[in-house]
Amino acid sequence: MTILIEQPVLLESHVEGKNVQVVETNELVLDGGFQVPNNESKDAFNAPEINSFGQSFRDYEAESERQKGVEEFYRLQHINQTHDFVKRMREEYGKLDKAEMGIWECCELLNEVVDDSDPDLDEPQIQHLLQSAEAIRKDYPDEDWLHLTALIHDLGKILVLPSFGELPQWAVVGDTFPVGCAFDESNIHHKYFKDNPDYNSPAYNTKNGIYTEGCGLDNVAMSWGHDDYMYMVAKENGSTLPSAGLFIIRYHSFYPLHKEGAYTHLMNEEDFENLKWLKIFNKYDLYSKSKVLVDVEKVKPYYISLIEKYFPKKLKW
């Protein structure tokens, strides 16, 4: 891996008034021609009812020290993710001048990352990627693009590492949401948006905000984080993943949309088609998190072959 820039990105926090740097069907066909097979079999992946901590998945009300940390994370995220902040981050990281490396090299970097926003998992991220990918591979063996999408969907979390700006977790992980329009009440811990500078802005606090109904999510600025960064890296480096794969990468943390049905007024026809795939993917992204670890070396050759099929050998990050 070649690291090109090691300077952290300076952020401006608005905490406490201070400026501190700091329903689906089994036969879906998308434009790319990929048909979702009927995967109802006795060997299909079964979603567990509790996470590895013995609690319900995405239970943000359970009392625990980890949950308190998760709520504090969302307080900081909701205060600081403004339209101006997102614009600056997209301009900075759109340069793709932080490093040059292959996809698998990036997967290995994730051994250094634990997601503070996730109440369901405290294992290194590469295990979550492989758990998701292997579960999908079991149920959808012919959809290799979906296996690879699962493997790479969280690679943008390298933003927390020093060589990629060492961004605070609230600027990397957690649920995502549009900026530039009103914050829908379906967002987790919505109450903290009241301290976001955009909350009372006449330009941003209406349902459509700066957008028009049906404009398409491609034209909507999302809160900055690993989703948008990895989408940007994949697209700008010429990945041949189908549009559904890129959609999953960019919006897999957009829970207000694919779990609560919010913000659909901004979607276009292609978005609705791709959303069907995202809802399928989400089952594996959320419920495959486990303390049972995947044998990395055993499955590595298969995923290397997929990387070579859909990505160049080296990418700019």
* **Subset of the range 211-240 (residues that are more than 15 Å from Ile103 (Cβ to Cβ) and among the hydrophobic types (A, V, I, L, M, F, W, C))** => Cys215, Leu217, Val220, Ala221, Met222, Trp224
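Given the structure, is Leu146 in contact with a Gly (Cβ under 9 Å, 6 or more places away or on another chain), not acidic (Asp, Glu) and not in a loop (DSSP other than H, G, I, E, B)? Even if it seems obvious, please write down each step before you answer.
Values: in contact with a Gly (Cβ under 9 Å, 6 or more places away or on another chain): yes; not acidic (Asp, Glu): yes; not in a loop (DSSP other than H, G, I, E, B): yes.
For Leu146, the condition - in contact with a Gly (Cβ under 9 Å, 6 or more places away or on another chain), not acidic (Asp, Glu) and not in a loop (DSSP other than H, G, I, E, B) - is met.
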* Within the range 269-317, can you find the residues that are at pLDDT 95 or above and small (Gly, Ala, Ser)? -> Ser305
* Could you say whether any residue in the range 136-148 is modelled with pLDDT of 95 or more, at positive phi and in contact with a helix residue (DSSP H, G or I) (Cβ under 6 Å, 6 or more places away or on another chain)? -> no
* To do: State whether the residues of the range 85-95 include one that is under 30 Å from Ile304 (Cβ atoms) and at pLDDT below 95.
  => no
* Asked: Only one residue in Glu297, Glu260 is more than 19 Å from the chain's Cα centre (by Cα) and among the charged types (D, E, K, R), so which one is that?
  -> Glu297
* **Residues being in a loop (DSSP other than H, G, I, E, B) and either in contact with a strand residue (DSSP E or B) (Cβ under 8 Å, 6 or more places away or on another chain) or surrounded by fewer than 24 Cβ atoms within 10 Å (Cβ to Cβ) (or both) - total across the range 152-164** => 1
* Of the conditions (1) part of a loop (DSSP other than H, G, I, E, B); (2) open to solvent by 10 Å² or more (accessible area, probe 1.4 Å), Trp224 clears all except one; give me its number. => (2)
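Surrounded by fewer than 19 Cβ atoms within 10 Å (Cβ to Cβ) and farther than 30 Å from Tyr74 by Cα: does that describe Lys235? Spell out the reasoning first.
Values: surrounded by fewer than 19 Cβ atoms within 10 Å (Cβ to Cβ): yes; farther than 30 Å from Tyr74 by Cα: no.
When the stated conditions are applied, Lys235 does not pass them.
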* Of the numbered conditions (1) in contact with a Leu (Cβ under 9 Å, 6 or more places away or on another chain); (2) surrounded by fewer than 16 Cβ atoms within 10 Å (Cβ to Cβ); (3) farther than 20 Å from Leu155 by Cα, Lys309 fails exactly one; give the number of that condition. => (3)
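The values are calculated or read from the model by the stated rules, or taken from the named source; none is laboratory data. Computed from a predicted model, the values in this text were never measured in an experiment. All Cβ positions, glycine included, derive from the backbone under ideal geometry; neighbour counts span all protein chains shown. Surface areas here come from the heavy atoms of the whole protein model, side chains and all, with no ligands, DNA or RNA. Shrake-Rupley method; radii C 1.70, N 1.55, O 1.52, S 1.80 Å.
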